[in-house]
1. In region 91-106, what residues are in contact (Cβ under 8 Å) with a residue 24 or more places away in the chain and more than 30 Å from Gly23 (Cα to Cα)?
2. Inside region 498-508, can you point out the residues that are surrounded by fewer than 21 Cβ atoms within 10 Å (Cβ to Cβ) and of a type outside the set (A, V, I, L, M, F, W, C)?
3. Under 6 Å by Cβ, and 6 or more places apart or on different chains, what pairs join a residue from region 165-190 that is free of Cβ contacts under 8 Å to residues at least 60 places away in the same chain with one that is surrounded by fewer than 20 Cβ atoms within 10 Å (Cβ to Cβ) and assigned to a helix (DSSP H, G or I)?
4. From (1) in contact with a Cys (Cβ under 7 Å, 6 or more places away or on another chain); (2) closer than 29 Å to Phe133 by Cβ; (3) in contact (Cβ under 8 Å) with a residue 60 or more places away in the chain, pick out the condition that doesn't hold for Tyr236.
5. Report whether or not Trp196 is under 16 Å from Trp273 (Cα atoms) and aromatic (Phe, Trp, Tyr).
6. Output the number of residues of region 343-358 satisfying the condition of being surrounded by fewer than 16 Cβ atoms within 10 Å (Cβ to Cβ) and over 16 Å from the mean Cα position of the chain (by Cα).
7. For region 445-506, please list each of the strands (runs of 3 or more DSSP E) lying entirely inside it that holds at least 3 residues being modelled with pLDDT of 95 or more and within 19 Å of Leu414 (Cα to Cα).
Amino acid sequence: MKRFIVIIMLLLLLAGISTLHAGNYENFRVAIYTRAYEVQKMCDQHWLDSTWNVISSQMKVDKIYLETHRDQLIIDEKDMRRIKKFFEDHGVTVSGGITYTISEGNSFETYCYKDPVERKKAQEIIELTAKIFDEIVLDDFFFTDCKCKYCLEAKGDRSWTEYRLELMDDAALNVILGPAKKVNPKCEVVIKYPNWYDHFPALGFDLDFGPKHYDGIYTGTETRDAVNSDQHLQPYESYLIWRYFDNLNHNNRGGWVDTGGMRYIDRYSEQIWMTMFAKSPEMTLFDYRQMLNPLSTRYRAPWQDQGTSFSFDKMMEPVSLGKNKSAVKPTTIARAAGFTLEELDKTVGLLGNPVGVKSYKPYQSKGEEFLQNYFGMIGIPMDIVPEYPEGEFVLLTEQAAADKDILRKIDRTLRGGHDVMITSGFLHAMQGKGIENMFEISWTDRKALASAVKVNGQIINLEKPILMQQVTYMTNDSWEMISGMDAGLGWPLLHRYLYADNNLYLIVVPDNFADLYKLPVQALNNIRALVSQKVVPVTFQGPSNVCLYCYDNNTFIVESLADEPVTLNVMVQGEVKSIRDRLDGSDIQALPSVGMMSFGRRGGPMIRSTSFSVPLKPHSYRVFSY
């Protein structure tokens with residue numbers, strides 16, 4: 001009898017766990033963040049009922065974040081509890097949110113955590129919020145840009161970075177976390193880090209301290225439009241930043257996008273896709289107000305008639321979400337989000353754990369900002385890590401020069417049987433620090449305006465010249481693999497230096513990182529083959545603005561961000577008869593097998609690989625397994 005009772009209890013426990021994780025989607029949760037401005041409007045029951053009906057009829061929502069404060073607007077506790085109950089009664093999980101801004105419209109004016117009045121106010125806000133919610137997200141702005149008299153006096157002779165890191169670490173412990181836990185011991189405080197990670201230390205965001213002390217972190221994966229938006233972030237960052245933050249702390253709770261800088265609705269969907277390709281467990285849509293913005297045919301892209309992954313016309317078809325619900329015609333951005341996520345749910349469950357080329361970024365390091373995202377945009381699957389990856393191939397940008405022991409680590413990797421790639425920015429940062437004693441390759445202050453590229457003995461003219469650094473080396477001591485050519489003279493773009501029977505590779509990054517996209521296909525193919533085959537068994541031959549995502553279960557995704565169709569020559573190591581499109585079930589048969597150069601000493605051995613011709617529609621992705 002006892003055994004029977006134990007079994008029943010275990011079944012009930014498992015059922016409870018199942019219910020806890022059950023949601024509207026099979027592979028992730030979907031949340032909406034709500035600013036204090038809209039929460040205030042929810043005090044009007046008619047506005048709350050009508051707007052929630054609009055949103056919930058067009059998309060499935062698992063969770064909602066309700067903000068208690070933004071721009072010194074504070075929601076009354078009684079009102080917040082009533083609004084919280086409304087959503088709980090509708091089967092939605094509810095958590096709190098805080099934006100610590102004095103005036104977001106005034107160049108993102110933040111609180112001063114040295115001013116005793118503002119510090120006290122910030123503490124009162126977290127205490128109020130912790131009384132109501134067991135989970136609180138701090139949105140984007142828990143940093144400081146203040147230069148008031150208190151800050152100037154406290155800073156002294158230190159840099160702003162040094163001062164602000166110390167100030168914000170203290171504020172996290174003594175203004176936010178300590179008071180919140182005292183009010184509500186069950187309360188979990190999650191910090192949402194925004195998308196400008198390479199500039200964090202200057203404003204007090206500490207990626208060494210924060211992930212170790214907060215109950216979780218959240219990732220800003222909003223990249224918007226690289227041309228029209230002010231930050232000019234590359235689309236690949238929506239994937240890479242989530243992977244980077246997850247490597248900081250495996251309690252990375254989700255990704256976060258908005259509709260800002262959107263020319264076409266496809267760009268909004270791409271941000272969501274790339275976040276979920278990184279295997280984020282939750283997708284937060286900023287914000288409730290944006291979900292109510294009307295859909296318009298002006299968001300329909302010129303390439304929409306080609307059967308792309310995001311179909312504007314299919315999205316606009318009447319939709320019925322749930323039993324006994326009548327179909328409604330999509331009217332707001334909520335349907336664009338809902339449609340994207342419903343389609344994406346079919347994909348995410350197919351994917352294993354992401355794998356990519358490790359790029360080492362020490363805590364608080366800077367230099368060649370966001371460069372790894374440009375590598376992602378030319379088809380190299382990237383993975384930024386905060387600790388040096390021993391015993392494997394590693395790509396080092398200027399950021400890695402912040403590690404005072406970096407040359408010894410490079411030496412150990414090369415002696416241990418693995419290759420290393422460095423960028424020209426890293427080479428420059430290490431000049432005079434001993435790198436010249438290891439490798440006879442030198443940075444110069446001279447520039448070249450390359451009008452052509454020499455690759456595999458062929459000189460290929462560029463449509464527009466690219467500005468690059470002139471790097472020198474000793475003839476026959478190391479070798480140019482790809483050269484930038486200017487008026488008959490050439491300098492390394494990709495270079496190889498033999499060391500301990502392994503290779504140090506140098507990639508000279510153009511002054512304008514986006515000029516990597518202008519490199520001819522032949523050069524891009526060689527760079528991809530060199531870097532990717534060190535880590536992942538898949539690469540491709542084709543243009544830039546195509547991203548490759550690889551997983552540990554013999555699955556990969558190719559995604560085109562180009563406005564026109566492209567055809568890739570996808571190469572899988574080994575003899576593979578076919579690859580299967582996991583979304584439509586079709587098989588692509590192998591082309592005649594080719595060799596993939598490993599670029600070892602004297603050219604190196606050939607790694608056998610199988611090729612597949614893969615057409616890609618504009619702004620679309622395909623998922624394959626082999």
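1. If the condition is that a residue be in contact (Cβ under 8 Å) with a residue 24 or more places away in the chain and more than 30 Å from Gly23 (Cα to Cα), then Tyr100, Thr101, Ile102, Ser103, Glu104, Gly105 are the ones that fit.
2. Our first condition is that a residue be surrounded by fewer than 21 Cβ atoms within 10 Å (Cβ to Cβ); within region 498-508, this holds for 498-502.
If the condition is that a residue be surrounded by fewer than 21 Cβ atoms within 10 Å (Cβ to Cβ) and of a type outside the set (A, V, I, L, M, F, W, C), then Tyr499, Asp501, Asn502 are the ones that fit.
3. What qualifies is Pro179/Gln123; Pro179/Glu127; Val183/Glu127; Val183/Lys131.
4. Exception for Tyr236: condition (2).
5. Working: under 16 Å from Trp273 (Cα atoms): no; aromatic (Phe, Trp, Tyr): yes.
Considered against the rule, which asks whether it is under 16 Å from Trp273 (Cα atoms) and aromatic (Phe, Trp, Tyr), Trp196 comes out as no.
6. The qualifying residues number 3.
7. 489-499
For every residue, the table says whether it meets (1) surrounded by 24 or more Cβ atoms within 10 Å (Cβ to Cβ); (2) basic (Lys, Arg); (3) on the phi > 0 side of the Ramachandran plot; (4) out of contact with any Gly (no Cβ under 8 Å at 6 or more places or on another chain).
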site	(1), (2), (3), (4)
Glu222	yes, no, no, no
Val227	no, no, no, yes
Tyr236	yes, no, no, no
Ile241	yes, no, no, no
Asp246	no, no, no, yes
Asp258	no, no, no, yes
Gly261	no, no, yes, yes
Ser280	yes, no, no, no
Met291	yes, no, no, yes
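The values are calculated or read from the model by the stated rules, or taken from the named source; none is laboratory data. Just so it is clear, the model here is predicted, and its values are computed rather than measured. When we count neighbours, we look across all protein chains shown, and the Cβ atoms used for this are built from the backbone with ideal geometry, even at glycine.
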